[in-house]
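Below: one structure, written as structure tokens.
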Amino acid sequence: MNPRFTSWSGQRVWIVGASSGIGRATASALHARGAVVHVSARNAQALASFVAEHPGTIALPADSCDHAAVVAAAQTILQGGPLDLVMYCAGYYKAQRATSFDLAELRRHVDVNYLGALHVLDA
């Protein structure tokens with residue numbers, strides 16, 4: 001239902017969870033294709049490194065589990081106009097065995113992998 005972009009030049013994107021992995025790689029690829037890239041993650045140092053390597057990128061450090069921080073980042077970004085793409089790449093995983101179940105760890109999984117995405121949608 002979403003039209004395919006034939007050009008990313010000038011498209012405004014926000015990638016949450018862009019300090020490493022798929023989020024960072026996607027931000028880099030879209031920057032190379034001319035998109036105006038906004039990156040967010042908890043790791044401000046990794047975001048600063050990304051911006052240094054990708055001039056023009058805008059970093060807004062924010063923990064996706066912190067609803068107020070996500071809303072503040074979204075409000076800052078949206079002052080520049082609407083976004084063409086929002087991509088949620090924040091994630092957390094720690095393997096567990098049924099014999100050593102850790103509820104706090106599983107709650108962290110839910111907080112980052114699910115509730116964080118809802119915070120972005122709400123923002």
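A few points about this structure:
- Exactly one residue out of Arg108, Arg97 is in contact (Cβ under 8 Å) with a residue 12 or more places away in the chain and among the charged types (D, E, K, R): that is Arg108.
- Scanning the range 84-123 for residues that are out of contact with any Phe, Trp or Tyr (no Cβ under 6 Å at 6 or more places or on another chain), among the hydrophobic types (A, V, I, L, M, F, W, C) and within 23 Å of Ala68 (Cβ to Cβ) yields Met87, Cys89, Ala90, Ala104, Val110, Leu115, Leu118, Leu121, Ala123.
- Single residue of the range 19-49 satisfying the filter (part of a helix (DSSP H, G or I) and over 25 Å from Leu118 (Cβ atoms)) that is most open to solvent (accessible area, probe 1.4 Å): Gln45
- Index of the failed condition, Ser9 passing every other in (1) open to solvent by 50 Å² or more (accessible area, probe 1.4 Å); (2) in contact (Cβ under 8 Å) with a residue 12 or more places away in the chain; (3) among the polar types (S, T, N, Q); (4) not in a loop (DSSP other than H, G, I, E, B): (4)
- The set of residues from the range 57-83 being of a type in the set (Ser, Thr, Tyr) and either over 15 Å from Trp14 (Cβ atoms) or assigned to a helix (DSSP H, G or I) (or both) comprises just one member, Thr76.
- Of everything in the range 83-100 that is within 24 Å of Asp122 (Cβ to Cβ) and among the aliphatic types (A, V, I, L, M), the residue that is least open to solvent (accessible area, probe 1.4 Å) is Ala90.
- Pick from the range 84-112, criterion part of a loop (DSSP other than H, G, I, E, B) and within 17 Å of the chain's Cα centre (by Cα), ranking: nearest to Ala27 (Cα to Cα): Cys89
- Test: residue in the range 54-65 that is farther than 17 Å from Leu118 by Cβ, surrounded by fewer than 18 Cβ atoms within 10 Å (Cβ to Cβ), under 14 Å from the mean Cα position of the chain (by Cα) and of a type outside the set (A, V, I, L, M): yes
The values are calculated or read from the model by the stated rules, or taken from the named source; none is laboratory data. The model shown is predicted, which means the values in this text are computed figures rather than measured ones. As a convention, Cβ positions derive from the backbone with ideal geometry for all residues, glycine included, and neighbour counts pool all protein chains shown. Surface accessibility is based on the protein's heavy atoms, side chains included, excluding ligands, DNA and RNA. Shrake-Rupley method; radii C 1.70, N 1.55, O 1.52, S 1.80 Å.
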